[in-house]
Amino acid sequence: MTEVAINPVNPYLRMDRMPSIWCPGCGIGTSVNCFARALTQSKIDLKKTAVVSGIGCTGRVSGYMSVDSFHTTHGRALAFATGLKLGNPELNVVVYSGEGDLIAIGGNHFIHAARRNLDVLCVCVNNFTYGMTGGQVSPTSPATAKFTTAPLGQFEEPFNLPYLADSCGAVYVARWTTFHVRELTKAMRDALKKRGFRFIEVISPCPTLYQRRNRLGDGLDAMKYYQEKSVKKNGANTSELRIDFQSEITVGTFVDRERPTFADAMNARYKEVLGPRYVPCPDNYVPPQAKGEGT
Amino acid sequence: MSDAGGAAKPKKVRGTVFVEVERCKGCGFCVEFCPPRALDLDTGFNKKGYHPPVLTREEDCTGCDLCGLYCPDFAIFGVIIKKSA
Ligand SMILES: Cc1ncc(C[n+]2csc(CCOP(=O)(O)OP(=O)(O)O)c2C)c(N)n1
Ligand code: SF4
Ligand code: SF4
Ligand code: SF4
């Protein structure tokens, strides 16, 4: 009976690469547990699923997952994912990376992928800093918090990522923390079953840099902060989701709508102009199971 | 682990956990967020010097696998024990 029990996340991991490089109490691995369960529950075809990451601690996710994966250059995960999706429209493409990678150096790709409604799921692990390079200011760093590059406290206006994704046209926008493992799993599962640009922000501890430099304790302290200070507001106005230093964190599903994807729009336009001469881009792959009942 | 010796009447054990001791980094997420608080961090160390969890109160474990969902190092998971015989 129990002799043969295996961890449900194991089939999704390249076990030869374990243990991970992640620090004790880092939240990235917790988000991977949710992602692995969401992959199982959504019943999408793993042979047609690819995970793309840029560079960073979160960028390691692509290398640890035992599906087809692509560890790209810093900031370019969405650019590579665009090519991957257009070259092979049947693929379920998931971009999994940090906020520095996706929103700082990769910010341009981000706004345009959302604007075009590129059919990818984008998971952004937001730990408020550049983890891999030693704790510099990132585009979501809360004001007054201290960083390697802001020892006197950061003074820039941070991005509110759900607002950014919403205003650029994402069809699904949610934010959870690594404390909300069940909700995050469900969000990932729901998003895997949708088409178009889907964005999930995962607020996650970085005990080694963000917490330590700001005397916020370890990973567990961050998790308790999320537990105490998170407020669930599904459908909240995304302009009101700003996060300040140790402030309340609004979590939930904020956007869930339909809009033609990049391929839909291209097919519609060219069919209109070229008529029967046009050979359409294959319809974006929708897993047959996803059309049926939700798990 | 080894405190199950008492000859008291066996309680209906509903769940248990599997811990991969050497993979644990001692973050304590599993201990803190186990709903019935069935786990404790061991006083002993693994090879890397972390305190892995132990299921001190096995009778309280429901096998819900929340510890497995939380563990950032894939070092623990819970299973429901099916009643056999
Ligand atoms: C072109 C280029 N510029 C800069 C870097 C250095 N670099 C590596 S990771 C990183 C930021 C990582 O931060 P984030 O994406 O938030 O991920 P985290 O490590 O926090 O998970 C930077 C600036 C690089 N590798 N390549
Ligand atoms: S530096 Fe921060 S983000 Fe990177 S592995 Fe360590 S805790 Fe995680
Ligand atoms: S399976 Fe559930 S009840 Fe059992 S130790 Fe893990 S979290 Fe606790
Ligand atoms: S959550 Fe995982 S790494 Fe953290 S103490 Fe428990 S078993 Fe160890």
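The values are calculated or read from the model by the stated rules, or taken from the named source; none is laboratory data. The structure displayed is predicted, hence computed values, not measured ones. Here the Cβ positions follow ideal geometry from the backbone for every residue, glycine too, while neighbour counts run over all protein chains shown. Areas reflect the complete protein model, heavy atoms only, side chains present, ligands, DNA and RNA absent. Shrake-Rupley method; radii C 1.70, N 1.55, O 1.52, S 1.80 Å.
Using the Cα gyration tensor of chain A, with a ≥ b ≥ c the square roots of its eigenvalues, what is the shape: rounded (a/c below 1.5), prolate (a/b larger than b/c) or oblate (neither)? Intermediate results must be reported in sequence, preceding the final value.
Working: a/c = 1.75, a/b = 1.36, b/c = 1.28.
The shape class here is prolate.
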Solvent-accessible area per residue for the range A:10-258 at a 1.4 Å probe radius, Å²?
-> 37 Å²
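Per residue, what accessible area does the range B:14-81 have, given a 1.4 Å probe and all protein chains present, in Å²?
I get 41 Å² per residue for the range B:14-81.
How much of the accessible area of chain A, in percent, comes from carbon and sulfur atoms when a 1.4 Å probe is used? Mind dumping the intermediate values first?
Working: 6740 of 12370 Å².
Result for chain A: 55 percent of the exposed heavy-atom area is carbon or sulfur.
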Under the Karplus curve 6.51 cos²θ - 1.76 cosθ + 1.60, θ = phi - 60°, whole-Hz ³J(HN,Hα) for the range A:59-74, x wherever Gly or Pro sits | x, 5, 4, 4, x, 8, 8, 8, 10, 4, 8, 9, 9, 8, 6, 4
Where the centroid of each part is defined by its Cα atoms, how far is the range A:2-36 from the range A:208-249 in Å?
-> 24 Å
Rounded to the nearest 5, the percent of DSSP beta bridges in the protein assembly as shown running antiparallel is 35 percent
Interchain or sequence-distant (5+) residues whose placed amide H lies within less than 5 Å of the amide H of A:Thr177 are A:Ile203
Burial order of peptide ranges B:39-49, A:243-253 (average beta-carbon count within 10 Å, highest first) | A:243-253, B:39-49
Tell me, what HN-Hα J-couplings in whole Hz come from the Karplus equation 6.51 cos²θ - 1.76 cosθ + 1.60 at θ = phi - 60° for each residue of the range A:24-35, using x for Gly and Pro?
-> x, x, 6, x, 4, x, 4, 5, 5, 4, 5, 4
With heavy atoms of protein chains only and a 1.4 Å probe, what residues of the range B:55-85 have at least 40 Å² less accessible area in the full set of chains than alone?
-> B:Leu69, B:Tyr70, B:Pro72, B:Phe74, B:Phe77
Relative contact order of chain A, defined on C-alpha pairs under 8 angstrom at six or more residues apart (%) = 19 percent
Whole-Hz Karplus couplings 3J(HN,Hα) for the range A:92-100, θ = phi - 60° and coefficients 6.51, -1.76, 1.60, Gly and Pro as x, run 8, 9, 10, 9, 10, 7, x, 6, x
With Cα springs under 10 Å, the Gaussian network model of chain A assigns the largest mean-square fluctuation among A:Ala222, A:Ala36, A:Ala150 to A:Ala150
Taking amide H positions as placed 1.01 Å from N in the peptide plane, with prolines and chain starts having none, which residues 5 or more places from A:Thr261, or on another chain, fall under 5 Å of its amide H?
-> none
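Shielding of A:7-19 by partners, i.e. mean partner chain Cβ atoms within 10 Å per residue? Present the calculation step by step, with values, prior to reporting the outcome.
On the way: counts 12, 6, 5, 3, 0, 1, 1, 0, 1, 0, 0, 6, 9.
That average works out to 3.
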Gain in length, A:Lys229 to A:Arg17, computed as 0.36 nm per residue apart minus the alpha-carbon separation, to one decimal in nm?
-> 72.8 nm
Amide H contacts under 5 Å for B:Phe77, placed H, 5+ residues apart | B:Phe18
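Using only DSSP helix segments of four residues or longer, with each worth -39500 (n - 2.57), what per-residue ellipticity at 222 nm results for chain A after dividing by its residue count and rounding to 500? Working shown, then result.
Details: 9 runs with 89 residues, N = 295.
The helix-only estimate for chain A comes to -9000 deg cm²/dmol at 222 nm.
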FRET efficiency, B:Glu32 to A:Thr148 (Cβ-Cβ, R0 30 Å, nearest 0.05) = 0.55
Extension reserve of the A:Arg269-A:Asp256 stretch, reckoned as 0.36 nm per residue once the Cα distance is removed = 2.2 nm
Would you give the gap between the C-alpha center of the range A:176-191 and the C-alpha center of the range A:60-115, rounded to a whole Å?
-> 20 Å
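In Å², nearest 100, what accessible area do chains A and B bury in total when the solvent probe is 1.4 Å?
Details: alone 13510 and 6030 Å², together 17160 Å².
About 2400 Å² of accessible surface is lost on pairing.
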